C-alpha cells in the first residue's frame, strides 16, 4: 500500500490568506471606530452628570445664602468666569457643599466656547445673585442636548450664545 502525499489538502493558498487578513483588518477598523464613538458618548454622559451635580451644589448654596456664589474673585454682575482647569476646587464658594468638584474628562483649556476646548465654566452671575451660567462642551456633534437644538441663553444678558459660540455647548 502506497500513501499519496497530496499537498493541496494542507495549508491555505496565498489568496485565501489575503482574504482572511483583509476581513480581520476591516473588522478591527470597525471595532476601533465603535470604541471611539462609545468613548465620546461616555465622556459626554459624564459631562452632563457632572454639571447637574454642580447645579445641585449651587442650589444648596442658594438655599443657605439667598444668592448664587460669585465666580471666584469676580464681582456680581460682571462678565467673568471660572473654569474647571483651575483644579478640584474651581468654584471656591462650593467647597463645603462639594469638596472635590468634578473636572471635565478632557479638561484641556479654559473657556469651553471654542471647539476643541473642554472644560466646565461657571460665571456671569447676575448683579442680584439670582442667576448664573454653567456650561461645558460636548464632543458628539449629534447629541440631542447640544446648544443648536436647545437654544441656551446667557443668564447675565439674556442673549443666545448658540450662534456666536459652539453649537455643541451644554447647560444643565
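On the given criteria, is residue 47 exposed (fewer than 14 other Cβ atoms within 10 Å of the Cβ) and touching a residue at least 24 places away in the same chain (Cβ under 8 Å)? Let's see the steps before the verdict.
Numbers: exposed (fewer than 14 other Cβ atoms within 10 Å of the Cβ): no; touching a residue at least 24 places away in the same chain (Cβ under 8 Å): yes.
Answer is no for this residue.
So for segment 88-95 (the condition being in contact with a strand residue (DSSP E or B) (Cβ under 7 Å, 6 or more places away or on another chain) and modelled with pLDDT of 75 or more), does at least one residue qualify? Spell out how you get there, then give the answer.
Applying the first criterion (in contact with a strand residue (DSSP E or B) (Cβ under 7 Å, 6 or more places away or on another chain)) to segment 88-95 yields 90-91.
Imposing the further condition that a residue be modelled with pLDDT of 75 or more reduces the set to 90-91.
Yes, segment 88-95 contains at least one residue that is in contact with a strand residue (DSSP E or B) (Cβ under 7 Å, 6 or more places away or on another chain) and modelled with pLDDT of 75 or more.
Given the conditions (1) assigned to a loop (DSSP other than H, G, I, E, B); (2) at pLDDT below 90, and given that residue 106 satisfies all but one, which numbered condition is not satisfied?
Of everything listed in (1) assigned to a loop (DSSP other than H, G, I, E, B); (2) at pLDDT below 90, residue 106 misses just condition (2).
Check 111, 116 and return the single one that is over 17 Å from residue 58 (Cα atoms), at pLDDT below 90, surrounded by fewer than 18 Cβ atoms within 10 Å (Cβ to Cβ) and in contact with a strand residue (DSSP E or B) (Cβ under 7 Å, 6 or more places away or on another chain).
Matching residue, one of 111, 116: 111.
Suppose the filter is out of contact with any strand residue (DSSP E or B) (no Cβ under 6 Å at 6 or more places or on another chain) and either in a loop (DSSP other than H, G, I, E, B) or modelled with pLDDT of 90 or more (or both); does residue 145 pass it? Lay out the reasoning, then the answer.
Values: out of contact with any strand residue (DSSP E or B) (no Cβ under 6 Å at 6 or more places or on another chain): no; either in a loop (DSSP other than H, G, I, E, B) or modelled with pLDDT of 90 or more (or both): yes.
When the stated conditions are applied, residue 145 does not pass them.
Does at least one position in segment 66-77 carry a residue that is at positive phi and out of contact with any strand residue (DSSP E or B) (no Cβ under 8 Å at 6 or more places or on another chain)?
First, pick out the residues of segment 66-77 that are at positive phi: 66, 72, 77.
With out of contact with any strand residue (DSSP E or B) (no Cβ under 8 Å at 6 or more places or on another chain) added as a condition, the list becomes 66, 77.
Yes, the conditions are met somewhere in segment 66-77.
Can you find a residue in segment 58-67 that is part of a loop (DSSP other than H, G, I, E, B) and either within 30 Å of residue 129 (Cα to Cα) or at pLDDT 90 or above (or both)? Even if it seems obvious, please write down each step before you answer.
So in segment 58-67, the residues part of a loop (DSSP other than H, G, I, E, B) come out as 66-67.
The next check asks that each one be either within 30 Å of residue 129 (Cα to Cα) or at pLDDT 90 or above (or both); those that pass are 66-67.
Yes - at least one qualifying residue is present in segment 58-67.
Could you please find all residues in segment 1-34 being assigned to a helix (DSSP H, G or I), at pLDDT below 85 and either touching a helix residue (DSSP H, G or I) at 6+ places or on another chain (Cβ under 6 Å) or exposed (fewer than 10 other Cβ atoms within 10 Å of the Cβ) (or both)?
Within segment 1-34, 7, 8, 9, 14 qualify.
Look through segment 79-102, keep the residues that are assigned to a loop (DSSP other than H, G, I, E, B) and in contact (Cβ under 8 Å) with a residue 24 or more places away in the chain, and return whichever of them is surrounded by the fewest Cβ atoms within 10 Å (Cβ to Cβ). It would help to see each step written out before you state the result.
We begin by selecting, within segment 79-102, every residue assigned to a loop (DSSP other than H, G, I, E, B); these are 79-80, 87-91, 95-102.
The next check asks that each one be in contact (Cβ under 8 Å) with a residue 24 or more places away in the chain; those that pass are 79-80, 90-91, 97-98, 101-102.
Working: 79: 13, 80: 17, 90: 23, 91: 27, 97: 17, 98: 18, 101: 22, 102: 20.
Residue satisfying both the conditions and the ranking: 79.
The values are calculated or read from the model by the stated rules, or taken from the named source; none is laboratory data. The structure displayed is predicted, hence computed values, not measured ones. Here Cβ is always computed from backbone atoms with ideal geometry, including for glycine, and neighbour counts include all displayed protein chains.
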